[in-house]
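**Q** Structure incoming, see below.
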Amino acid sequence: MATIRFFIKPISKKEGNSETPKPQFVFFRYRPSRQLDLMLQSPEKILAENWDAENQCWKKKQITKGAKTQETKNLNFDIETFNRKLEDFRTTVETYIESVQSADAEEQKKLIKDFVTKTYFANRLKVDKPKNTKTIPDNFTELIEFYIEQRSVADITKNVKPLAENTVKKYRTLQNVLKVYNKNLNATDINDVWRTDFVNYLNRLNYSANTQVKYIKDIKMLCKYADKDNKISKQVLAWEINTKPTNVSEYLTFTFAQLETLKTTVMPSEKLDNVRDWFLISCYTSVRVSELLTMHKDNIIKDGNDYYIEVIEKKNKNKTGGLKYVYLLPQVVEILNKRNGDFPKKYSEQRYNEYLKDVCREAKFDNIIEWGKTEVTKHGTRKIITQEPFYKFVTSHSGRATFVTLFKDKLPIEITQMHTNHHSVEMVEHYDKKDEKVKMLQRAKTVAQAFKGLDDYKEVKLKIV
């Protein structure tokens, strides 16, 4: 997962001697590897004395609780607004970075720099005079840009909501793949022969079957959209697409027995103890890591004997505001009681994923399994099947997938969906990683329990000869 880090540059001697300190720009750094090290300016400014380098924000200790004077209220507002804007910037940039990770290092640098400049420093760009009319472009790169632009606006007259952040990210990824394949590709050039050539191209670059299906499906949809103003081949409009390709396994999940082993394993350091507890919390709350590591005891709500916590889902922030309340199961409350009602120490998402593998190794989850693993290849980031110890495949998202796998058949699926806040039942099913035979047997057991609830149900035991 892409992670950027904020910092401010040291003040020069000349600036330090100034009677009136000046606000400085906050910069960010993205360095996933030695080949890719990028530092750019964010649009936010802050006085050096107010900067919290460890937490990468305006010092929260400057916030006055129960502020009464207008001066302190204004300061509180300034701090909260600055930190919110900086966090929004982080979310937007990290999401975009993830969408271009298939490109090589130099191309990523250019794309990220162009995106930040275009999004936050438009005054630095030369603006072309707008055209009098807008039609759907034929060039596919421009077509995707046009579609995102048009669909990023809510239209109540059509009852259409703006595209979700992850959907935009998906189209950006396709856009970058097609740029490398053929930046001059037109929608009117696409037909069955083109499809075969493109699939061969994806095969040469080792894209998974699932990814190929997603790309072809989105290309067909965009061609249908472009057909309003461009003459698209009827072959494309009639394309048949495999809805269930052989897929590379995505998220490893845990059983209740494995969670109990994790819980009782003595960790060799406080760091791994904290990460172990964070992972258990994620398995019993189903929240994404972006919300998990923002949890704070001040956001816990007590209602009778029940506890809930308020979180803001980054994924749904632009679409619904992101507000969500999560019921805290007794297993989570038990973990909090270890620290007098507080959450474990927080780590960055990148460090959390690294330490999580160490936690699972300490718990002896080292049996060799065959699973999907994301690796950086000469063609970019790919998910491949490989055989390695169990703990090497564990990621932060295993917690969310584990919750669905463990509880989907114990609760009505609608309840599971409400808890995970997925937009559809199909997405809940996608996260259920149980073997198909196990799923089918569980369904049969659910049917059996329903029959046993009938008044005229009569149990007859089978004679085994």
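The values are calculated or read from the model by the stated rules, or taken from the named source; none is laboratory data. The structure displayed is predicted, hence computed values, not measured ones. Virtual Cβ from ideal backbone geometry, glycine too; neighbours counted across all protein chains shown.
**Q** Looking only at the stretch 90-102, which residues are closer than 22 Å to Q175 by Cβ and either out of contact with any strand residue (DSSP E or B) (no Cβ under 8 Å at 6 or more places or on another chain) or at pLDDT 90 or above (or both)?
**A** T91, T92, V93, E94, T95, Y96, I97, E98, S99, V100
**Q** Mind checking whether some residue in the stretch 28-49 is part of a loop (DSSP other than H, G, I, E, B), without any contact (Cβ under 8 Å) to a residue 60 or more places away in the chain and in contact with a helix residue (DSSP H, G or I) (Cβ under 8 Å, 6 or more places away or on another chain)? Give the derivation first.
**A** The first filter runs over the stretch 28-49 and keeps only residues part of a loop (DSSP other than H, G, I, E, B), leaving 34-35, 47.
Next, from what is left, pick out any that are without any contact (Cβ under 8 Å) to a residue 60 or more places away in the chain: 34, 47.
If we keep only those that are in contact with a helix residue (DSSP H, G or I) (Cβ under 8 Å, 6 or more places away or on another chain) as well, we get none.
Checking the stretch 28-49: not a single residue is part of a loop (DSSP other than H, G, I, E, B), without any contact (Cβ under 8 Å) to a residue 60 or more places away in the chain and in contact with a helix residue (DSSP H, G or I) (Cβ under 8 Å, 6 or more places away or on another chain).
**Q** Still on this model: With respect to R84, is the statement that it is loosely packed, with under 13 Cβ neighbours inside 10 Å, free of Cβ contacts under 8 Å to residues at least 40 places away in the same chain and within 22 Å of the chain's Cα centre (by Cα) true? So that I can check it myself, show each step before the final result.
**A** Working: loosely packed, with under 13 Cβ neighbours inside 10 Å: yes; free of Cβ contacts under 8 Å to residues at least 40 places away in the same chain: yes; within 22 Å of the chain's Cα centre (by Cα): yes.
When the stated conditions are applied, R84 passes them.
**Q** State the number of residues belonging to the stretch 148-165 that are part of a helix (DSSP H, G or I) and modelled with pLDDT of 85 or more.
**A** Residues that pass the stated criteria total 4.
**Q** Inspect the stretch 127-134 for any residue being part of a helix (DSSP H, G or I) and either surrounded by fewer than 18 Cβ atoms within 10 Å (Cβ to Cβ) or assigned by TED's automatic domain parsing to the domain that holds A105 (or both) and give the result as yes or no.
**A** No, every residue in the stretch 127-134 fails to be part of a helix (DSSP H, G or I) and either surrounded by fewer than 18 Cβ atoms within 10 Å (Cβ to Cβ) or assigned by TED's automatic domain parsing to the domain that holds A105 (or both).
**Q** OK, next. Taking the stretch 97-110 on its own, how many of its residues are buried (at least 19 other Cβ atoms within 10 Å of the Cβ) and in a helix (DSSP H, G or I)?
**A** Here the count works out to 3.
**Q** Determine, yes or no, whether L75 is assigned to a helix (DSSP H, G or I), touching a residue at least 60 places away in the same chain (Cβ under 8 Å), farther than 16 Å from K179 by Cβ and in the same structural domain as N50 (by TED's automatic domain parsing). I'd like the intermediate steps shown before the answer.
**A** Values: assigned to a helix (DSSP H, G or I): yes; touching a residue at least 60 places away in the same chain (Cβ under 8 Å): no; farther than 16 Å from K179 by Cβ: yes; in the same structural domain as N50 (by TED's automatic domain parsing): yes.
Answer is no for this residue.
**Q** Need the failing condition index for E145 against (1) more than 24 Å from the chain's Cα centre (by Cα); (2) in a helix (DSSP H, G or I), just the number.
**A** Among (1) more than 24 Å from the chain's Cα centre (by Cα); (2) in a helix (DSSP H, G or I), the lone unmet condition for E145 is (1).
**Q** Sticking with this structure for a sec: Return the pairs, sorted by first residue and then second, in which the second residue is assigned to a loop (DSSP other than H, G, I, E, B), the first residue lies in the stretch 138-165 and is within 19 Å of K231 (Cα to Cα), the beta carbons are less than 7 Å apart, and the residues are 6+ apart or on different chains.
**A** From the stretch 138-165, the pairs are D138/N230; F140/L185; T141/K183; L143/I136; L143/P137; F146/I136; F146/P137.
**Q** Determine whether Y355 is farther than 26 Å from N55 by Cα, surrounded by 14 or more Cβ atoms within 10 Å (Cβ to Cβ) and touching a residue at least 60 places away in the same chain (Cβ under 8 Å).
**A** Considered against the rule, which asks whether it is farther than 26 Å from N55 by Cα, surrounded by 14 or more Cβ atoms within 10 Å (Cβ to Cβ) and touching a residue at least 60 places away in the same chain (Cβ under 8 Å), Y355 comes out as no.
**Q** Of the numbered conditions (1) modelled with pLDDT of 95 or more; (2) surrounded by fewer than 17 Cβ atoms within 10 Å (Cβ to Cβ), V275 fails exactly one; give the number of that condition.
**A** Status for V275: all satisfied but (2).
**Q** A follow-up question, please. When you look at W239, is it of a type in the set (F, W, Y) and more than 28 Å from the chain's Cα centre (by Cα), yes or no?
**A** On the way: of a type in the set (F, W, Y): yes; more than 28 Å from the chain's Cα centre (by Cα): yes.
For W239, the condition - of a type in the set (F, W, Y) and more than 28 Å from the chain's Cα centre (by Cα) - is met.
**Q** Working carefully through the options N191, N176, find the one that is polar (S, T, N, Q) and farther than 30 Å from E106 by Cβ.
**A** The conditions single out N191.
**Q** In the set N242, N210, N191, which member is surrounded by 14 or more Cβ atoms within 10 Å (Cβ to Cβ) and under 30 Å from T386 (Cβ atoms)?
**A** N210 is the lone residue from the list that is surrounded by 14 or more Cβ atoms within 10 Å (Cβ to Cβ) and under 30 Å from T386 (Cβ atoms).
**Q** What single numbered condition from (1) modelled with pLDDT under 95; (2) within 23 Å of the chain's Cα centre (by Cα) fails to hold for K228?
**A** It is condition (2) that K228 fails.
**Q** Failed condition for E49, given (1) over 27 Å from K315 (Cβ atoms); (2) modelled with pLDDT under 90; (3) not hydroxyl-bearing (S, T, Y), with all others met?
**A** It is condition (2) that E49 fails.
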